[in-house]
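Here's the structure, in structure tokens; my notes come after.
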Amino acid sequence: MAGGHSHPLYLDQSSPVHRLAPEVKIVASVGFTVLMVLTPRTEFWAFGVYLLLLLGVAFAARVSPWWLATRSLIEAPFVVLAVLLPFLGSGPRVDWLGLSLSVEGLLGAWNIVAKATLGVLSSLLLAATTQMRDLVLGLDRLRCPAVVTQIVTFMLRYAEVLAAEARRMRIARISRGDSPRFLWQARGFAVGAGALFLRAFERGERVYLAMVSRGYTGRLPALYGPGPGLAQWSAALALPVAAGLVLAVAAGRAVFMS
Amino acid sequence: MDPVALHIANGLVNAPVWLAYLGIAVVALVVCVKRAGRDLDERLAPMAGLVAAYIFAVQMLNFPVFPGVSGHLLGAALAALLVGPWAGALCVSIVLIVQAFVFADGGVTALGLNIGNMALVGTVAAYGVIALLLRVLPRTIAGLSVTAFVAGLLSVVAAAFGFVLQYALGGVAPMPLGWVAGAVGGTHLLIGIGEGLITAITVVAVARVRPDLVHALRQAGWRTPEKAPVAVGAGSAS
């Protein structure tokens, strides 16, 4: 089964970032995101540096900025919230183009847009350069509890099968004249969802019995290869270390200024 | 796939609050693994993985709300009905973790917040309704439908108010809380009606064919549904 090992955001190409071990990429991405989120919002320059750091990673990973920009539209609803904040926030206000805007609201909106965007870019770069099974392997090597990685493994293996089945059922429904436009016409969809559950569960029972008959006792055999070396760790950790330096300077300045 | 996400992003809520929620989420997941394992023993990983994949697949199917506007199921109430509260909350959490890491949907630092709302608050609300209504209402398909509808509706509204609570505790900018509650609660009331309808029809479709697979019915001591099993419209004969 070739499916289940790739995902829509994965870019199948070769680059130094693609070749890094998954666990060092996970640590780098999560570490960068946490440090970036902790940065005081009034240190505007820091977020520019963060963006440059991510663009550097994107260049090394041969991911185009345009690809990143279109995929980051996922956070659009939060931009809408952010646009409302300056109008609805309380506290001192400033006039801009005849609009009365809350200073606190403007800062809050900036905080959301900057941190949400940088966080999405960091996650996108991880997803674009790491296959699904490698993500799970990386989580496993980072000592994520086995029960979680196992459930994720099964979920990813079943997800593609079920999504394809759901797509076939949808096409079958539409080709028989079902064209729902309003919520009260969603009955066909919901009955289909019930049928999908039955098919999925019965498939799961069959697969489980097949596994038991082949000696499954609740654990999957571990797929350990050699772990990443010092070179890989130091290359990947350059990103969070750089972010840590930016955070240290930004936090220092914020304390000094206040 | 729907390109727009409504999972909480990074930077919306301050650090003490997201750290606290992360801690709560970790503790809750440990409890869920223990309790779900008691029901499922060595079947836990395959079955929970299957249900998580099912929620994931159902979330990819959009249903129409109005022309041009579509929603998708959150699935907390559906999971609680079908596999029970512990495995249900665990599966929804795993879906959220995968969405954050693989689909950049929901911030990594907001994982605790999202799990708190959608997996924990949503499941608690849904299961509260299920435990109460299945006892009170008549043991018929109609009773099950009403239970599932209310559970679906309240799980979404409760999850939305979970976000309002988080924003009140640590929102990055002061906003009139009444306004936040009204906007978030109002939109999610509409979403919740859709969630309730679809949860009800889905669960009834399963209960008619294989009532033994519906955890809530086993728990409430149902034997057989009122009607003889009929073939489900979209075909269960595969």
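Residues in the stretch A:112-129: is at least one more than 9 Å from chain B (Cβ to nearest Cβ), of a type in the set (Val, Ile, Thr) and open to solvent by 50 Å² or more (accessible area, probe 1.4 Å)?
Among the residues of the stretch A:112-129, not one is more than 9 Å from chain B (Cβ to nearest Cβ), of a type in the set (Val, Ile, Thr) and open to solvent by 50 Å² or more (accessible area, probe 1.4 Å), which makes the answer no.
Over 23 Å from the mean Cα position of the chain (by Cα), at positive phi, modelled with pLDDT under 80 and open to solvent by less than 70 Å² (accessible area, probe 1.4 Å): which single residue out of A:227, A:188, A:218 fits that description? Please lay out each step first, then the result.
Values: A:227 fails: at positive phi; A:188 fails: at positive phi.
From the options A:227, A:188, A:218, the qualifying one is A:218.
Just the residues that are surrounded by 22 or more Cβ atoms within 10 Å (Cβ to Cβ) and either over 20 Å from residue A:257 (Cα atoms) or among the aromatic types (Phe, Trp, Tyr) (or both), please, taken from the stretch A:38-53.
Within the stretch A:38-53, just A:50 meets the criteria.
Given the condition more than 29 Å from residue A:39 (Cβ to Cβ), open to solvent by 30 Å² or more (accessible area, probe 1.4 Å) and hydrophobic (A, V, I, L, M, F, W, C), answer yes or no: does some residue in the stretch B:182-189 qualify?
Start the filter on the stretch B:182-189 by keeping residues that are more than 29 Å from residue A:39 (Cβ to Cβ), which leaves B:182, B:185-189.
Right, trim to open to solvent by 30 Å² or more (accessible area, probe 1.4 Å) and you get B:182, B:186-189.
From the residues that got through so far, the ones that are hydrophobic (A, V, I, L, M, F, W, C) too are B:189.
Taking every residue of the stretch B:182-189 in turn, at least one turns out to be more than 29 Å from residue A:39 (Cβ to Cβ), open to solvent by 30 Å² or more (accessible area, probe 1.4 Å) and hydrophobic (A, V, I, L, M, F, W, C).
Failed condition for residue A:90, given (1) modelled with pLDDT of 80 or more; (2) open to solvent by 40 Å² or more (accessible area, probe 1.4 Å), with all others met?
Answer for residue A:90: the failing condition is (1).
Of all residues in the stretch B:191-200 being facing chain A (nearest Cβ under 9 Å) and open to solvent by 40 Å² or more (accessible area, probe 1.4 Å), which is farthest from residue B:157 (Cα to Cα)?
B:197
Does residue B:135 count as assigned to a loop (DSSP other than H, G, I, E, B) and over 29 Å from residue B:23 (Cα atoms)? Can you show your working first?
Values: assigned to a loop (DSSP other than H, G, I, E, B): no; over 29 Å from residue B:23 (Cα atoms): yes.
Criteria not met by residue B:135.
Looking at (1) within 23 Å of the chain's Cα centre (by Cα); (2) over 15 Å from residue B:117 (Cα atoms); (3) open to solvent by 30 Å² or more (accessible area, probe 1.4 Å), can you tell me which one residue B:153 breaks?
Here residue B:153 clears every test but (2).
Quickly run through the stretch A:122-172 and pick out the residues that are assigned to a helix (DSSP H, G or I), of a type in the set (Ser, Thr, Tyr) and under 30 Å from residue A:66 (Cβ atoms).
First, the residues of the stretch A:122-172 that are assigned to a helix (DSSP H, G or I): A:122-129, A:132-141, A:146-172.
Add one more test, that the residue is of a type in the set (Ser, Thr, Tyr), and what stays is A:122-123, A:129, A:149, A:153, A:158.
Matches in the stretch A:122-172: A:122, A:123, A:129.
Table: residues versus (1) in contact (Cβ under 8 Å) with a residue 24 or more places away in the chain; (2) under 22 Å from residue B:80 (Cβ atoms); (3) outside any helix (DSSP H, G or I); (4) out of contact with any Gly (no Cβ under 7 Å at 6 or more places or on another chain).
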position	(1), (2), (3), (4)
B:161	yes, yes, no, no
B:169	yes, no, no, yes
B:180	no, no, no, yes
B:185	yes, yes, no, yes
B:189	yes, yes, no, yes
B:193	yes, yes, no, yes
B:196	yes, yes, no, no
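I'm trying to understand the selection: among the residues of the stretch A:101-111, which are open to solvent by 40 Å² or more (accessible area, probe 1.4 Å), more than 7 Å from every other protein chain (Cβ to nearest Cβ) and in contact with a Pro (Cβ under 9 Å, 6 or more places away or on another chain)?
A:103, A:106
The values are calculated or read from the model by the stated rules, or taken from the named source; none is laboratory data. If you're wondering where the values come from, they're calculated on a predicted model, not measured in any experiment. Ideal geometry is used to build each Cβ from the backbone, glycine not excepted, and the neighbour counts take in all protein chains shown. Please note that ligands, DNA and RNA were not included when accessible areas were found on the heavy atoms of the full protein model with its side chains. Shrake-Rupley method; radii C 1.70, N 1.55, O 1.52, S 1.80 Å.
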